[in-house]
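The values are calculated or read from the model by the stated rules, or taken from the named source; none is laboratory data. Everything numeric here is computed off the predicted structure, so don't read it as measured data. Here Cβ is always computed from backbone atoms with ideal geometry, including for glycine, and neighbour counts include all displayed protein chains. Side chains included, ligands, DNA and RNA excluded: accessible areas come from the protein's heavy atoms. Shrake-Rupley method; radii C 1.70, N 1.55, O 1.52, S 1.80 Å.
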Amino acid sequence: MFKNIPPTPQAPVAAGVRIGHVHLKVANIDRALEFYVGVLGFGVKQRYGEQAAFIAAGDYHHHIGLNTWESEGGSPPPRGTTGLFHLAIVYPERADLADALRRVRNAGYELEGASDHGVSQALYLRDPDGNGVELYWDRPQADWPQDEDGTLAMVTERLDLDALLEEAA
């Protein structure tokens, strides 16, 4: 049974709450590591044989977990089913996003999209297991677009990839 839950929580979650990590089911650990480590540049923090690996940017314990516990040799879920739409990896500077675009292109991965959302600039692609991946950079909050009443006014506009790549040099 579903309860009628109001769209506004009775008490908001703490402002400091964040998503700690994502754990992906993959068909092959080595193939997944070739993408997340070899292309995107994450570092392996711990590996459990051929069944799981934990990777991160910098010294964090792990940002992404990869495992084959329920998915070894499997295929991506078909369209029209529920599940993860994409994981989003945020880069600290626009030049870092530019470097990610360079890495992805050099490795031969095709983008599914590239958008300027006003609050962020984003690249969309699929990993080797068909998982959606968003690579993005957030603009400073003071630069986010707003409507006349002060509410957030996100957009979806074309991202100029050539201009972005100029920052990777």
- Item | Matching residues in segment 128-154 - criterion: being under 30 Å from GLY74 (Cβ atoms) and surrounded by 15 or more Cβ atoms within 10 Å (Cβ to Cβ) | PRO128, ASP129, ASN131, GLY132, VAL133, GLU134, LEU135, TYR136
- Message: Can you report the number of residues in segment 83-115 which are part of a loop (DSSP other than H, G, I, E, B) and open to solvent by less than 90 Å² (accessible area, probe 1.4 Å)?
- Response: 6
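Which one of these is part of a loop (DSSP other than H, G, I, E, B) and out of contact with any Leu (no Cβ under 9 Å at 6 or more places or on another chain): GLY74, GLY118?
Testing whether each residue is part of a loop (DSSP other than H, G, I, E, B) and out of contact with any Leu (no Cβ under 9 Å at 6 or more places or on another chain) leaves just GLY74.
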- Task: Kindly indicate whether any position in segment 121-134 is of a type in the set (Ser, Thr, Tyr) and more than 13 Å from HIS86 (Cα to Cα).
- Result: no
- Task: Output the residues belonging to segment 53-70 that are touching a residue at least 40 places away in the same chain (Cβ under 8 Å) and not hydroxyl-bearing (Ser, Thr, Tyr).
- Result: HIS62, HIS63, ILE64, GLY65, LEU66, ASN67, TRP69, GLU70
- Taking ASP143, is it within 14 Å of the chain's Cα centre (by Cα), farther than 22 Å from HIS23 by Cβ and at pLDDT 95 or above? no
- Task: Would you point out which residue out of GLU157, GLU166 is surrounded by fewer than 16 Cβ atoms within 10 Å (Cβ to Cβ) and modelled with pLDDT under 95?
- Result: GLU166
- Go through segment 28-51 and count every residue that is of a type in the set (Phe, Trp, Tyr) and open to solvent by 30 Å² or more (accessible area, probe 1.4 Å). 1
- Failed criterion for GLY80 (all others in (1) assigned to a strand (DSSP E or B); (2) over 13 Å from the mean Cα position of the chain (by Cα) hold): (1)
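Looking at ALA11, ALA15, which is the one that is open to solvent by less than 90 Å² (accessible area, probe 1.4 Å) and of a type in the set (A, V, I, L, M, F, W, C)?
Working: ALA15 fails: open to solvent by less than 90 Å² (accessible area, probe 1.4 Å).
Criteria check complete, one pass: ALA11.
Which of the residues belonging to segment 34-52 are in a loop (DSSP other than H, G, I, E, B), under 24 Å from TYR91 (Cα atoms) and either among the acidic types (Asp, Glu) or in contact (Cβ under 8 Å) with a residue 40 or more places away in the chain (or both)?
Listed by number, the residues that qualify are LEU40, GLY41.
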